[in-house]
1. For region 55-147, how big is the tail of P(r) above 18 Å, as a whole percent of Cα pairs?
2. Antiparallel as a % of all DSSP beta bridges within the chain, to the nearest 5?
3. Can you give the log10 of the normalised intensity I(q)/I(0) at q = 0.19, 0.23, 0.30 Å⁻¹, computed with Debye over equal Cα scatterers of region 336-395?
4. Find the accessible area per residue for the chain; the probe is 1.4 Å, ligands and nucleic acids are left out, and the unit is Å².
5. Taking the Cα-to-Cβ direction at Asp71 and at Arg184 and moving 7 Å from each Cα, how far apart do the two end points lie in nm?
6. Report the charge-dipole magnitude of region 98-231 in Debye, nearest 20, computed about the Cα centre from +1 at each Lys and Arg Cβ and -1 at each Asp and Glu Cβ.
7. Ignoring everything except DSSP H segments at least 4 long, calculate the 222 nm mean residue ellipticity for the chain; use -39,500 (n - 2.57) per segment, divide by total residues, nearest 500.
8. For Ile377, list long-range residues whose amide hydrogen, built 1.01 Å from N in the peptide plane, is under 5 Å from its own amide hydrogen.
Amino acid sequence: MKVAVIGTGFVGVVTAAVLAKVGYQVWGLDVDAEKIAQLKAGRLPFFEPQLKALVIEGFTSKRLRFTIEYDQAISPAEVIMITVGTPSAKNGTADLTYVMEAAEALAPYLQDKAIVVIKSTVPPGTNQLVREIIEAKSKREFFIAAVPEFLKEGSAVNDSLNPDRVVIGAEEAYVVKKLIALHRQIGGERVVVSAESAQMAKYTANAYLAQRITFINQIANLCERNGAKISEVIKVIGEDKRIGSHYWYPGLGYGGSCFPKDVKELAAYAKSIGEGQGLLPKIDQLNEERMDKKIKEFERQVGGFKHKKVAVLGLAFKPNTNDLRSAPSLALIPYLFDRGASVSAYDPKVKEAALRHFPGLILGQDAYQAAAQAEVICLLTEWPEFKTLNLNQLGAATRPQAWLIDTRNLYQKAVVEAAGLQYIGIGNG
Ligand code: UDX
């Protein structure tokens, strides 16, 4: 089967490389000539474990190619996947401009019975919109389906090869059969539903996970007031099989490229159809407020940030990525600079980009160098190497009795204190 993937952003490159790996001839297509030139040279615009090797493997097998020519990619394709970005529009709903542009551009090159799959996160109803755009420009018989993407940054290749489920949003038996065949080497359950349900499910999954994080953050706030420990609370509730203990860890709120955007979009979509007053806008509001509240709380606890030397460990929004979108570092570091603090940082994968985002930031070669002479250390990202820090070495590098603000609850208070540091965690009363 020949496949075209339109939009070589994060999801597009991963999808194209994975489909090439499992045996298909894949064209990755983008209107950005510079991006395509970089990809052809094997350079990825972002870091993602295993992905570069997979792209190179695709080149070697001659199954993966990149182009800016719609004709080249679409004419041979039996399946066309749209993976373009859907940023939030001014009113908060998904801006479908790139999806519509892709639909218009692909239409003249469609072969008969081609299947156009929308993988981008879009509201239910988008398939009909895309259908009308293509019909206006093509006389071919074609189909539209929704196959939403659930991969996580940092484990995208594995998530794509072994997802929990492959959701096929299509009604026609021909399309369902073709898309099941397309995914035959991919793991996970097959769930066949309508396109509307598939697209609704994508938003629902992200909004549910986002509210779960928001919920546990609220409970963590209460624990901080009453002597309870959030880790123990999670241990107890996790034994309830209806609840479970995974995906519950508290912090400074959810970030990244998906949750903040998808919750806002679902809330705006709900509002646009007269269902706006419920839980969804509240999740977004609580998450938005959290960072600011916590920063101010930490500031009080450490006796002020003014003119202090502060070390930040972890700049990316989560481990195994260099993505800074909605990362805690984006809020904290400018706040520290405003207070006249001197800020040093270390992140295993965010290097020069950090200096563009935070002029004046001092980059350390490792956690200990970043922490040298610090009065406060803010651990923001749970990178594996931050889980096994030598606390004695850290304590020796900092000023005496420096604070460790552990926003990912990686350490026990007593152990940190034994290394000569003072400790602040999340949700530990
Ligand atoms: C998410 C979804 O998991 C994925 O299915 C979807 O396709 C895209 O959005 P991603 O943004 O890559 O993936 O990361 P994820 O690991 O889900 O974390 C999102 C945010 O929630 C991060 O800021 C993370 O730190 C935070 N989080 C996650 C918590 O604060 N606590 C948790 O228990 C889990």
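The values are calculated or read from the model by the stated rules, or taken from the named source; none is laboratory data. Only a predicted model underlies this, so the values are computations on that prediction, with no experimental measurement involved. Cβ sites come from the backbone with ideal geometry, for glycine too, and all protein chains shown count toward neighbours. Just so you know, the surface numbers come from the protein's heavy atoms only, side chains and all, with ligands and any DNA or RNA stripped out. Shrake-Rupley method; radii C 1.70, N 1.55, O 1.52, S 1.80 Å.
1. Value for region 55-147 (Cα pairs over 18 Å): 47 percent.
2. Around 5 percent of the beta bridges assigned by DSSP in the chain are antiparallel ones.
3. Per q value, in the given order, log10 I(q)/I(0) is -0.72, -1.04, -1.49.
4. Solvent-accessible surface per residue comes out at 45 Å².
5. So the two model labels end up 3.4 nm from each other.
6. Around 300 debye, computed over region 98-231.
7. -13000 deg cm²/dmol
8. Counting only residues 5 or more places away or on other chains, the set is Ala311, Trp403, Leu404, Ile405.
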